[in-house]
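> Next up is a structure, given as C-alpha cells.
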Number of protein chains: 2
Amino acid sequence: MRRLSFAIATLLAATAMAPLAIAKGPDGPSAPVDKIVDQGTNHSEVMRIAQYLTDVIGARLTNSPPMRQAEDWTQAKFREWGLTNVHKEGFEFGRGWSAKNASVKMISPRPLTLVAAPLAWTPGTNGAITGQVVLAPMADEASLDQYKGKLKGKIVLLTEPTDITDSTDLDFRRWSDADLDRYDNFQLQNGAATANRRPSSQSRLAFAAKRDAFLKAEGAVGYATMSSRNGKLVHGQNSQFQVGATPPLPGFEIAAEDYRRLARLAKMGMAPSLELNSDVSFDDSDTKAYNILADIPGTDAKAGYVMAGAHMDSWAMGDGAADNAAGVSMVMEAARIIKASGIKTKRAIRFALWSGEEQGLLGSMAYVENHVASRPVDPALSGYARYMGWSKGFPIQPGPDHAKLAAYFNLDNGSGKIRGIFTQGNTAVVPIFREWLAPFNSFGATKVATARTGSTDHVFFDAVGIPAFQFIQDPLDYGSNVHHTDVDTFDHLKADDMRQGAIILAAFLINAANAPEPLPRLPLATEPNASEGFYAAPGAH
Amino acid sequence: MRRLSFAIATLLAATAMAPLAIAKGPDGPSAPVDKIVDQGTNHSEVMRIAQYLTDVIGARLTNSPPMRQAEDWTQAKFREWGLTNVHKEGFEFGRGWSAKNASVKMISPRPLTLVAAPLAWTPGTNGAITGQVVLAPMADEASLDQYKGKLKGKIVLLTEPTDITDSTDLDFRRWSDADLDRYDNFQLQNGAATANRRPSSQSRLAFAAKRDAFLKAEGAVGYATMSSRNGKLVHGQNSQFQVGATPPLPGFEIAAEDYRRLARLAKMGMAPSLELNSDVSFDDSDTKAYNILADIPGTDAKAGYVMAGAHMDSWAMGDGAADNAAGVSMVMEAARIIKASGIKTKRAIRFALWSGEEQGLLGSMAYVENHVASRPVDPALSGYARYMGWSKGFPIQPGPDHAKLAAYFNLDNGSGKIRGIFTQGNTAVVPIFREWLAPFNSFGATKVATARTGSTDHVFFDAVGIPAFQFIQDPLDYGSNVHHTDVDTFDHLKADDMRQGAIILAAFLINAANAPEPLPRLPLATEPNASEGFYAAPGAH
C-alpha cells in the first residue's frame, strides 16, 4: 500500500516537476516526495547534527570560540554532502566572550551555593570577589542618585524582586486545531498597537551604560540581576557586546529563588555577603561575526534561487538546542536530504546559518543589506539600536538579489513538529501552500495561516518585499522552560518532530525551486506605515 | 454583619464549650471562633515563623547545625508565647552532617559548570578531585561484577539515564471538588496491593553499602546519580546516616540535563572529566535527634491531651519550606493563636515538632514508643529498616499515654490551604469532623474523606489505635517542583493558605480538647493483616 499516493499527486501537480514524474511502483524509482520521506526517516542525520552542535560544541554565543567551531564544522558538513559555494560571510559585530567557570556563593549569614550565570560580555572576577549585597533596583537614570555613596565595596542587586505568579499553562504543549485556527487571522492593521510597549532596546542599552559607569564610579565590586523565570533556571543574557562598550564590572544573573532569598535577608537587616567567581575570556582578534552559506545549484542558472535559514548562534547558558540547533539541524538535514535524493530543481537552493540573531537578527540583516535590499539607517546606530531603526528607513533600495531570491523559509521555534506555515499577510500564497502541505497533512502539518510572526530571521527579507516565511511549530516545552535557559539541552529535543520538520522543509524548498512562477510578492512598502510596529522585540526567538 | 454566625453556633454545639458561650456582639467579647480567626488573620505570625525557619536558618537536615539551631529557636518561641513543659526529647539517630559548599564542573571535552548537590552524609572531597566519568549503572549486586577493574580513578555515573517524559499536569494546582471527592473513598481492604512495589528501603540500603565498598575497593574517586526531576532541580537525598555506615566516597546528585549530557558524551566515546568539590563537616558529638514538645495545659488534669505535630527536619537542598517549615509554622501559629485568644480547654494541647521524619518518620515513632504504645521489633534493626519492620510486630503494647492521648493532627503537605481531612478509615468521626469544618466551609475546607493517607508522622499513632489524622491540603506546586528540591524556598509558600491552615488547626485542637467525649477509636489490631501494606514508602513527605 502506498499511503502517500494522494500526496505524490499533489506534490507533482503543484510543482510541475515533469522530468521527475517517472514511472514508479514497488520495484521502480520512487516519487520525489517518497525519496524525501525515505531520506528523512530511514537515513535521518538530523539528531546526529543536533547532538554534535549541542553536546559536543555546546552553547554558541556569537563570536565565542564554540560559535567559531560550529562555523567550521557546519561548513565541513555541507562540503562533505557535496554542496557548492560553501563559505562564510562576515559582518561587523563585536567582541568574542566565553566563560570557563562561574559560581556565586553566599558566605554569610550562612553558607550556601547559589545557582547563577555570568552575564554575557561582563568581565571576570580575576579570582574570588567578596562583598555584601545591597538591594538597589535601578530602573532609570533618575533612580541612580538615591544610591550615591552607598555602593562602595558592595555587590549591587539591580532587580526589584517580584513574587511568583502561579503558572496556569501546561509546561509541555502541542497545538490543538483551535490553537492553529487562531493564527489564521489576517490583520488589516499590522500590529501597530503592540509597538513600543516597553522602553526601546536602544534606550535600555544607553541606560545600562550609564548605570555601569555609576556602579564603577561608586566603587561597587559587582552586580546581579534576578532570573525572569522561577525554578532555578538562568539565562545570562546581556547585549553589551561591542568593543569599547562591554561592562566594567562582573555581572551575574542569579536564580529567582536564590535572588529573592538575598533580597529578603537584606530587607530583614541581614544583608548577605557573597563570593563571586568567574573565569571569562575576551577575544577581539576578529570582531566580525559570520553567516554560513551553502548552495545546491539549479538546472537553470538564470532562474534565481530560493533559500532556507536558521540562526546558529545562541545565548551562553545551556547548549542552544531548541534555540536553535534544532532549526540549524533541520535546515542542514533538508540540504542533505535534497542532495542525497538526487532531485534536481530549476532554481538553486541556498542554505544559511545565521549569526548574531540573539543580538538583533544581525546576521540576516547583514545578508539582506549586502545582497537583497538596503534601507537608509543612521550610520551612528549599531547593534540593537540599528535593528530598531532599520524598519523606519525609506526608500527601500533593491539590491542585486532582490529579483533573484524567490522565497525564504525560516525555522526558529524549537524542535516541535511543523504544524503549518505563516504567510505574513500574503494571501496569494495561501492556496499554493495548501497544496504544498497536502502530502504532509497526515504528518500533522495542516495550517496555512495568514498571521504575521516576527522576532526571527525572516523579518528583514519580508520587510523588503521577499516572500519570506516562518513555519508554525508545536511549542512543546520551549516557552515554558527551555527558551534561552540552561535547560536548552539535547534531551529536550524531539527526534520525530525534527525528522518531520526537515522533510517538510525539503519539500517546500523543492516546490519553491521548481514552481513554474516565483511565489507572489506583496507590493513594496514606500512609506512608513503601521507595519513599523510589526517588528517584535528582538531576542524573543 | 457577622458572617460567621452559623459557624459560631456550630463550633459551640460541637464542642459544648459552655463556659465560653458568653454574650457576644459588635462591642462585646467575641465567640471563640472569631477570636481564633482574628488572631490568625489580623495578628498572624505564621509567615514570620516560616521566614525565620527558611531564610535565616535554612535547610534542616536531621542532626545538622541548622536543625540544632531550629530546635533552640522553636523552644524559645514556645516559651515566649507562654507555653509550658517546653522541652526536647532525644532518640538515637546518627551523624550530624552539613555542606558548606559544593560544585561539579566539567573540565573536558569543554568547560561547563554543572548543577549538582552533594549527597547527604557523603564525605567531602578535601579539595578538588578530578576524574573521568564512566557510565556504570549498578542496580543490584549482580551488576557490580561487570565493572571490576574498570573504575580506578574514575567518577562513576550510577544511574542509567532515562528520557524526559512530557509533563501532562499543571505545575500549580488546587483541588477541584471532584478531586476531593476521590479521597472520600473507604478502602475495605487496606492498600495491601500497593505494598512491596519496589525493593524495600532495607534491601536498597544494604545494597548501597555493598556498592560503596565495591567502588572504594576498585579505586573509584567519587560517584554521581541523576536527579529524578528535569529542569535542573536537585535533591541530594541519601539515607546512610548512621555512625559507621556513612559512605566512604564523595557522592553527588547531578541535575538531569547535565547528567544526561555526561552520559551521552561517554556513549559517544568522549567521556568527560569532572572536577568535584565539596566542603562538608560531620559532627558525632551528639548522635541523638530531638523532638520539640510544648504544652498548653487543660482545665482538667485528668482529662488527657490532644496533639498537633509537624516534622521540622528537611533534606539539605533548598530551605525546607513547603516540606515542612510550612507545617511547623502552622502548628506553632495554632499554639500562639490558642494561647493569645485566651480560650481554655478541658484537655491539654500538646505541640510536637518532629525530627528524623525524612529518614523514616523516626521522631514520631520514638514518641509513640516512649509514650503511647510499643510493638516488638527486631532489636538489630535501625533507621529505615526498623521503620519497615515496625508495623509487623504484634502484640501492640499500650503505654502510659495510650488512654490519655485523645487525638493527633498532622500537617505535612506543603503550604496549600486546608481543603478537608482524612479520617484514616474511621467512619465514626465523619459527622463530628463535618461539624468542626462547618465554620470553615467558606474558607475552602469542606471535605471529610475516609481514605487513608500515609508517609508522614500520623501513621505510627494510627497504627497503635490513636485517632490520628492528616489534613487534605491544596497541592500547589509541591509535587511538581518543590518537594525535596532546591526550590523548596520561602517564595513558593502561600501566606493566605498558611493563615487559613493555622486557624483551622487551632479550631480542631480546641474542639478535640473540649469535646465531651474523646474521639471514637478504631479497634486495636491484634494480628498482621492487610494493613501492613498501608505504610507508604518513607521519605515521600
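The values are calculated or read from the model by the stated rules, or taken from the named source; none is laboratory data. In this text the structure is predicted, and so the values were computed from the model without any measurement. Every residue, glycine as well, gets a Cβ built from its backbone with ideal geometry; the counts of neighbours run over all protein chains shown. To get the accessible areas, we keep the full protein, side chains included, count just its heavy atoms, and leave off ligands, DNA and RNA. Shrake-Rupley method; radii C 1.70, N 1.55, O 1.52, S 1.80 Å.
> When you go through A:Ala271, A:Ala256, A:Ala303, A:Ala266 one by one, which is the residue that is in contact with a helix residue (DSSP H, G or I) (Cβ under 9 Å, 6 or more places away or on another chain), assigned by TED's automatic domain parsing to the domain that holds A:Ile107 and open to solvent by 10 Å² or more (accessible area, probe 1.4 Å)?
Residue meeting the stated conditions: A:Ala271.
> Oh, and also: Taking the stated definitions as given, is A:Asp488 more than 30 Å from A:Val115 (Cα to Cα), open to solvent by less than 10 Å² (accessible area, probe 1.4 Å), not in a helix (DSSP H, G or I) and not assigned by TED's automatic domain parsing to the domain that holds A:Lys232? Walk me through it before giving the result.
Details: more than 30 Å from A:Val115 (Cα to Cα): no; open to solvent by less than 10 Å² (accessible area, probe 1.4 Å): yes; not in a helix (DSSP H, G or I): yes; not assigned by TED's automatic domain parsing to the domain that holds A:Lys232: yes.
Judged against the criteria, A:Asp488 is not a match.
> Restricting to the stretch B:251-292, name every residue that is within 14 Å of another protein chain (Cβ to nearest Cβ) and β-branched (Val, Ile, Thr).
B:Ile254, B:Val280 - these are the residues of the stretch B:251-292 that are within 14 Å of another protein chain (Cβ to nearest Cβ) and β-branched (Val, Ile, Thr).
> Determine whether B:Asp181 is away from every other protein chain (no Cβ under 14 Å) and at pLDDT below 95. Reasoning before the result, please.
Values: away from every other protein chain (no Cβ under 14 Å): yes; at pLDDT below 95: yes.
So B:Asp181 fits the description; yes.
> Can you name every residue in the stretch A:491-517 that is within 14 Å of chain B (Cβ to nearest Cβ) and either among the acidic types (Asp, Glu) or surrounded by fewer than 24 Cβ atoms within 10 Å (Cβ to Cβ) (or both)?
Those that are within 14 Å of chain B (Cβ to nearest Cβ) and either among the acidic types (Asp, Glu) or surrounded by fewer than 24 Cβ atoms within 10 Å (Cβ to Cβ) (or both): A:Asp491, A:Lys494, A:Ala495, A:Asp496, A:Asp497.
> Quick test for you: out of B:Lys339, B:Lys404, B:Lys392, B:Lys344, pick the one residue that is open to solvent by 30 Å² or more (accessible area, probe 1.4 Å), touching a residue at least 24 places away in the same chain (Cβ under 8 Å) and touching a Leu at 6+ places or on another chain (Cβ under 7 Å).
B:Lys339
> Listed residues A:Phe207, A:Phe252; which is of a type in the set (Phe, Trp, Tyr) and at pLDDT 95 or above?
A:Phe252
> Let me ask something additional. Inside the stretch B:284-313, can you point out the residues that are over 13 Å from B:Gly363 (Cβ atoms) and either among the hydroxyl-bearing types (Ser, Thr, Tyr) or within 13 Å of the chain's Cα centre (by Cα) (or both)?
B:Ser285, B:Thr287, B:Thr299, B:Tyr305
> Looking at (1) of a type in the set (Asp, Glu); (2) open to solvent by 10 Å² or more (accessible area, probe 1.4 Å); (3) in contact with a strand residue (DSSP E or B) (Cβ under 9 Å, 6 or more places away or on another chain), which is the only condition A:Asp378 fails?
So A:Asp378 meets the others, but not (3).
> Just to be sure I understand, how many residues within the stretch A:132-141 are open to solvent by 10 Å² or more (accessible area, probe 1.4 Å) and at pLDDT 95 or above?
Qualifying residue count, the stretch A:132-141: 4.
> From A:Gly153, A:Gly124, A:Gly149, grab the single residue that is in a loop (DSSP other than H, G, I, E, B), modelled with pLDDT of 95 or more, within 14 Å of chain B (Cβ to nearest Cβ) and within 25 Å of A:Ala263 (Cα to Cα).
Result of the check over A:Gly153, A:Gly124, A:Gly149: A:Gly124.
> Mind listing whichever residues of the stretch A:431-460 are modelled with pLDDT under 95 and assigned to a helix (DSSP H, G or I)?
Correct list: A:Val459, A:Phe460.
> Check every one of the strands (runs of 3 or more DSSP E) wholly within the stretch A:25-118 and list those with 3 or more residues that are within 10 Å of another protein chain (Cβ to nearest Cβ).
A:96-108, A:112-114, A:116-118
> Might you check whether a residue that is modelled with pLDDT under 95, open to solvent by less than 40 Å² (accessible area, probe 1.4 Å) and among the hydroxyl-bearing types (Ser, Thr, Tyr) occurs anywhere in the stretch B:519-528?
Checked the stretch B:519-528: no residue is modelled with pLDDT under 95, open to solvent by less than 40 Å² (accessible area, probe 1.4 Å) and among the hydroxyl-bearing types (Ser, Thr, Tyr).
Quick grid of which residues meet (1) out of contact with any His (no Cβ under 6 Å at 6 or more places or on another chain); (2) polar (S, T, N, Q):
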site: A:Ala310; (1), (2): yes, no
site: A:Gly318; (1), (2): yes, no
site: A:Ser329; (1), (2): yes, yes
site: A:Met332; (1), (2): yes, no
site: A:Ala340; (1), (2): yes, no
site: A:Ser355; (1), (2): yes, yes
site: A:Trp390; (1), (2): yes, no
site: A:Pro395; (1), (2): yes, no
site: A:Asp401; (1), (2): no, no
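> May I pose another question? Those residues that are hydrophobic (A, V, I, L, M, F, W, C) and assigned to a loop (DSSP other than H, G, I, E, B), I need them from the stretch B:127-146; list them, please.
B:Ala128, B:Ala136, B:Met138, B:Ala139, B:Leu144
> Of everything in the stretch B:36-68 that's among the charged types (D, E, K, R) and farther than 16 Å from B:Trp354 by Cα, which residue is most open to solvent (accessible area, probe 1.4 Å)?
Result: B:Arg48.
> Sticking with this one: Tell me yes or no: at least one residue of the stretch B:75-91 is surrounded by 24 or more Cβ atoms within 10 Å (Cβ to Cβ) and within 29 Å of B:Gly124 (Cβ to Cβ).
no
> Looking only at residues in the stretch A:103-127 that are open to solvent by 30 Å² or more (accessible area, probe 1.4 Å) and hydroxyl-bearing (Ser, Thr, Tyr), which one is farthest from B:Ser98 (Cα to Cα)?
For the stretch A:103-127, the residue satisfying everything is A:Ser103.
> Filter the stretch A:393-420 for residues that are among the polar types (S, T, N, Q) and either assigned to a loop (DSSP other than H, G, I, E, B) or closer than 24 Å to A:Ser239 by Cα (or both) and give the result.
A:Asn410, A:Asn413, A:Ser415
> Additional query: Exactly one condition in (1) open to solvent by 30 Å² or more (accessible area, probe 1.4 Å); (2) more than 11 Å from chain A (Cβ to nearest Cβ) is false for B:Ile296; which is it?
Exception for B:Ile296: condition (1).
> Just the residues that are open to solvent by 10 Å² or more (accessible area, probe 1.4 Å) and either within 14 Å of B:His458 (Cα to Cα) or not small (Gly, Ala, Ser) (or both), please, taken from the stretch B:316-330.
Within the stretch B:316-330, B:Met317 is the sole residue that qualifies.
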